[in-house]
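Written out below as structure tokens is the structure these notes cover.
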Amino acid sequence: MTADLARNAKSITEYPAVPPLDGGVAALKGKSVWYIPIGSSIPIANAVGSAMDSALATAGVEMHVCDGRLLPDTISACMSQAVAQHADAVVTGFIDYSLVPTAFDGLVSNNIKVLVAGEAPSGGRTSSPQLAFYDATPSFVHAEHLALESVVSGSAGKAKILYIGITNSSLTRNIAKDAKDYLARQCAGCTVNSVDYATAEIAKLPSRVSAALLQYPDTDHVVVELDSGANATIQGIQAAGFSDKVQLVSVSGNLDALQRVKAGDQPIDVGLSPVHIGWSYADGVLRMLAGKPVAAVSTPPRVFTKDNINTLTLTDQAYATNVWYGTDAYQDTFHRAWGLS
């Protein structure tokens, strides 16, 4: 393991600074925020919402959840409901603006603050006081680099990689593009082929992975952009008869991924605390409600391997906390910024 990977495998004890919010959050008590995740079936989207709810509650702000269910029409309907219920703000979770621009604009036209959480600007829009983008690309790219670093170092720079990328949004497309650029820079001796998929069509992914492995039979590493695509990818690996021929590497820190690491079926997973992400998005929407610009706070990654996984309790309940990553000191960091401590 490289020094960089070893450093990021340690429990997180220091979190990025959060700029003070001028005036604090006292005046925001009683405000209503709607959270619309792209789909609560995606573990990180669901856990981020739970964390954001807890964070907003400490500021006296109420949160309502409307599940987008991975469907543009359902997402748009949720936004219409937020208008009808006179929401003060809406936070969308991993929904690209360009997916439902008319629905986003409908929120803005009704004087509802909108935080496009987790996504880079798209559709010709940039951040404004009424609609702001909380771009998660830097945090996910950092995690992706660590996963790729493990592949490059473990193969002595000669890996034959099949990269499984996601086309859903500006965020996922940016991560995939950066991953390929990183490998081109850092591993001239690596071979990289790819399979791209949209989450709404994940049922087709196993057959596409299987076909790609048969087309590129010397593949020895399969890198999955996000853990949400790992199970379908594994089905494709098994169907092609490559279970004993490739190593799987993925990113996000989902429960099933960490269970594979513990079982020895996956050498590494790089996670990002959904709880810290949720508090970060809460900070973003509180700033918007206070009439202040959003100040993005990065989420530090943690590398999970066989060397540190046995110290963790791998349950759904644990996933919804920060226990896999470190202490709850991040809460004090946000509370101080909000004038609550």
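Please verify whether Glu149 is part of a helix (DSSP H, G or I), of a type in the set (Asp, Glu) and crowded, with 19+ Cβ neighbours inside 10 Å, treating the condition exactly as stated. First the steps, then the outcome.
Numbers: part of a helix (DSSP H, G or I): yes; of a type in the set (Asp, Glu): yes; crowded, with 19+ Cβ neighbours inside 10 Å: yes.
Yes.
For the range 234-260, name all the residues that are among the basic types (Lys, Arg) and either within 15 Å of Val303 (Cα to Cα) or in a helix (DSSP H, G or I) (or both).
Taking the range 234-260 first, the residues among the basic types (Lys, Arg) are 245, 260.
Once the filter is applied, which keeps residues that are among the basic types (Lys, Arg) and either within 15 Å of Val303 (Cα to Cα) or in a helix (DSSP H, G or I) (or both), the range 234-260 yields only Arg260.
Can you find, within the range 198-220, the residue that is modelled with the lowest pLDDT among those that are acidic (Asp, Glu) and loosely packed, with under 14 Cβ neighbours inside 10 Å?
First pass over the range 198-220, keeping only residues acidic (Asp, Glu): 201, 218, 220.
Imposing the further condition that a residue be loosely packed, with under 14 Cβ neighbours inside 10 Å reduces the set to 201, 218.
Details: Glu201: 90, Asp218: 98.
Checking each candidate, the answer is Glu201.
How many of the residues in the range 152-189 are closer than 29 Å to Gly39 by Cα, in contact (Cβ under 8 Å) with a residue 12 or more places away in the chain and open to solvent by 20 Å² or more (accessible area, probe 1.4 Å)?
Residues meeting the conditions: 5.
Suppose we filter the range 276-301 for residues that are among the polar types (S, T, N, Q) and assigned to a loop (DSSP other than H, G, I, E, B); how many remain? I'd like the intermediate steps shown before the answer.
Of the residues in the range 276-301, the ones among the polar types (S, T, N, Q) are 280, 298-299.
If we keep only those that are assigned to a loop (DSSP other than H, G, I, E, B) too, we end up with 298-299.
Count: 2.
Just to be sure, is Ala82 buried (at least 20 other Cβ atoms within 10 Å of the Cβ), more than 23 Å from Gly278 (Cβ to Cβ) and not hydroxyl-bearing (Ser, Thr, Tyr)?
Details: buried (at least 20 other Cβ atoms within 10 Å of the Cβ): yes; more than 23 Å from Gly278 (Cβ to Cβ): no; not hydroxyl-bearing (Ser, Thr, Tyr): yes.
Taking the combined requirement at face value, the residue does not satisfy it.
Of these, Gln259, Gln247, Gln266, Gln238, which one is of a type in the set (S, T, N, Q), closer than 23 Å to Ala179 by Cα and open to solvent by 10 Å² or more (accessible area, probe 1.4 Å)? Outline the logic, then answer.
Values: Gln259 fails: closer than 23 Å to Ala179 by Cα; Gln266 fails: open to solvent by 10 Å² or more (accessible area, probe 1.4 Å); Gln238 fails: closer than 23 Å to Ala179 by Cα.
Matching residue, one of Gln259, Gln247, Gln266, Gln238: Gln247.
Within the range 214-230, track down each residue that is of a type outside the set (A, V, I, L, M, F, W, C) and more than 17 Å from the chain's Cα centre (by Cα).
If the condition is that a residue be of a type outside the set (A, V, I, L, M, F, W, C) and more than 17 Å from the chain's Cα centre (by Cα), then Gln215, Tyr216, Pro217, Asp218, Thr219, Asp220, His221 are the ones that fit.
The values are calculated or read from the model by the stated rules, or taken from the named source; none is laboratory data. The model shown is predicted, which means the values in this text are computed figures rather than measured ones. Counting neighbours? That spans all protein chains shown, and the Cβs are built from the backbone with ideal geometry, glycine included. The protein model used for the area step is the full one, side chains on, heavy atoms only, and it has no ligands, DNA or RNA in it. Shrake-Rupley method; radii C 1.70, N 1.55, O 1.52, S 1.80 Å.
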